[in-house]
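Here the structure comes first, spelled out in structure tokens, and everything after it is commentary.
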Amino acid sequence: MSLALALQIAVAAMGSLSAILLGMGERQSLLPAMAVVIAVSAVYFNDLKCWVRLTETGANVACLLAIVAALWDLVRLGRDSQLLAATNLLVYLQFILLFQSKSERRYWMLAMLSLMQVSVAAALGLELSFGLLMLAYLVVALTTLILFCAHRDAERYSSSASGLAIALPPPPIGAVPLQGNGLRSWRRWTRRKQ
């Protein structure tokens, strides 16, 4: 398994766990179930097969639809549940990002959306099962961040090793070459006076 695929699977698992934690806090099961199905299908159809991939324009339209859905939730749920409508928007945005081509910036966005979902879920969930799932999320999130750092370093190394020459800095002004007369001059300058 390649490092990129492992990272994509870890990001999908982290997003799924954060949505499940949020669903436990909200006491609903539809959105977490959707999150797991969408995360698995995004890894397969977007990351492995490259069959379904949102373009920038498609993602913008999907974001507008997500905002409309969140506003609908806000109107439907009332003023007491504004936090739930906002956190549902986080989950919708995560769904959109999972179906886009992955870049360093999108991985960070997915990690931040997941962290925001978990922070809201922590305020809502008080059960023991929530705490145990939070420990599992912690392990998956740390693993994801480690894989992300390794993937980022591997990409940077491969781009610098693919034929780009590393330029050495110019010698300092007044540098003496260590050959010929320069070496004798260097010895003369560094010789102690007696």
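Odds and ends about this structure:
- Neighbours of A150 by Cβ distance under 14 Å: Lys/Arg scored +1, Asp/Glu scored -1, total -1.
- Protection proxy ranking, peptides 117-130, 22-35, 5-18, average beta carbon neighbours within 10 Å, highest first: 5-18, 22-35, 117-130
- Paramagnetic reach from M34 (point 7 Å along Cα→Cβ, amide N under 16 Å) across segment 69-107: 69-77, 84-99
- Estimated at 0.36 nm per residue, the fully extended path between L145 and V52 surpasses their Cα-Cα distance by 30.9 nm.
- Interchain or long-range residues, amide H under 5 Å from Q100's placed H: L54
- Net charge of the neighbourhood of A121, taken over other residues with C-beta under 13 Å away and scored Lys/Arg +1, Asp/Glu -1, is -1.
- Between L64 and R156, the C-beta separation translates, for a Förster distance of 41 Å, into a calculated FRET efficiency of about 0.75.
- Surface per residue (accessible, 1.4 Å probe) for segment 88-149, Å²: 49
- Label-zone membership for segment 95-123, site A86, 7 angstrom Cα→C-beta point, backbone N under 20 Å: 95, 109-123
- Per-q log10 I(q)/I(0), segment 1-131, q = 0.15 Å⁻¹ (Debye; single scatterer per alpha-carbon; no solvent): -0.70
- Table column - 3J(HN,Hα) (Hz), segment 141-148, Karplus curve with 6.51, -1.76, 1.60, x for Gly and Pro: 5, 5, 4, 5, 5, 5, 5, 5
- Once the C-beta distance of L135 and L77 is scaled by a Förster radius of 30 Å, the resulting FRET efficiency is 0.50 to the nearest 0.05.
- Taking the protein heavy atoms of segment 84-155 in the context of the full set of protein chains, the accessible area attributed to carbon and sulfur is 77 percent at 1.4 Å.
- When both segment 1-51 and segment 89-128 are represented by their alpha-carbon centers, they are found 10 Å apart.
- Contour minus Cα-Cα distance for F45 and L5 (0.36 nm per residue): 13.1 nm
The values are calculated or read from the model by the stated rules, or taken from the named source; none is laboratory data. Just so you know, these numbers come straight off a predicted model, no measurement behind them. Note that each Cβ is placed from the backbone with ideal geometry, even for glycine, and that neighbours are counted across all protein chains shown. Quick note on the areas: whole protein, heavy atoms, side chains included, nothing else; ligands and nucleic acids left out. Shrake-Rupley method; radii C 1.70, N 1.55, O 1.52, S 1.80 Å.
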